[in-house]
Amino acid sequence: KAGVTQTPRYLIKTRGQQVTLSCSPISGHRSVSWYQQTPGQGLQFLFEYFSETQRNKGNFPGRFSGRQFSNSRSEMNVSTLELGDSALYLCASSFGQGAYEQYFGPGTRLTVT
Amino acid sequence: GESVGLHLPTLSVQEGDNSIINCAYSNSASDYFIWYKQESGKGPQFIIDIRSNMDKRQGQRVTVLLNKTVKHLSLQIAATQPGDSAVYFCADVFSGSARQLTFGSGTQLTVLP
């Protein structure tokens, strides 16, 4: 079974721009969670989607948003990029909503200049 | 607020020795704990989990110990191998937070030849 895939793997954007990241979960998994990983803050939860609905949200500003499609693929969008948004964005999928065992993708490395 | 931390940011062990990675948590209501391994350039990989009603769980070469009295969690790796070199994270789940994972800051394990 293929693992979680994320595209693109690397991205360079300029401050003020917006960006969309994509995640394809493991086949059969219906829950997708997004995390931000930085050296200073570590791994922080952004939000979780299940059945095309946001079920849980972390403590991030409204510039961070996401959505999930009927095939469980998910996208996250960051608008008005700031330098501090530079991070590794990780997507994790699990079978059920809020399931404990989450499988992570390789992440998208976003650099904001 | 709730937090999960790790005792040491780095740990070096000789190949073949046993490794012990420690983690402390503050939320006494956490009901599930997970250890993840993250190799350079990859997303976190699930290693082992333990529920709060257990105090020990064993996997292949790994053992997790949970001491709820002092809110301490440890990961023991037997006969450490070069492939075990990675950053190890503990994460806890509190069902009251809609089962959102909260990650510790990570310990970089280096296996010396």
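Max-minus-min Cα coordinates of the protein assembly as shown on each principal axis give 48, 37, 37 Å, with the largest extent listed first.
Could you tally the net charge around B:Asn18, taking each other residue with its Cβ under 14 Å from the Cβ of B:Asn18, Lys/Arg +1 and Asp/Glu -1? Mind showing how you got there, number by number?
Values: positive: B:Arg61; negative: B:Glu15, B:Asp17, B:Asp84.
Taking every other residue near B:Asn18 into account, the sum is -2.
Distance between the pseudo-spin-label points of A:Ser79 and B:Arg57 (7 Å out from Cα toward the beta carbon): 4.1 nm. If you wrap the tightest convex hull around every Cα atom of chain B and split its volume per residue, you get 95 Å³. Sorting B:Ser28, A:Ser72, A:Ser51 by accessible area puts them as B:Ser28, A:Ser51, A:Ser72; the probe is 1.4 Å, largest comes first, and only protein heavy atoms count.
Panel values: chain A, Kirkwood radius from alpha carbon pairs, Stokes-Einstein at 10 °C and 1.306 mPa s, translational diffusion coefficient 115 µm²/s. Take each residue of peptide A:104-111, count the partner chain Cβ atoms within 10 Å of its Cβ, and average: the result is 2. Taking a point 7 Å out from the Cα of A:Leu11 in the direction of its Cβ, none of the residues of the stretch B:37-77 has a backbone N less than 11 Å from it. For A:Arg67 and B:Gln108, the FRET efficiency from 1/(1 + (r/R0)^6), where r spans their Cβ atoms and R0 equals 45 Å, is about 0.80.
The values are calculated or read from the model by the stated rules, or taken from the named source; none is laboratory data. Fair warning: this is a prediction, and the values are worked out from it, not measured in the lab. Cβ coordinates were reconstructed from backbone atoms using ideal geometry, including for glycine residues, and neighbour counts include every protein chain displayed. Note: accessible area is taken over every heavy atom of the protein model, side chains too, but ligands, DNA and RNA are not part of it. Shrake-Rupley method; radii C 1.70, N 1.55, O 1.52, S 1.80 Å.
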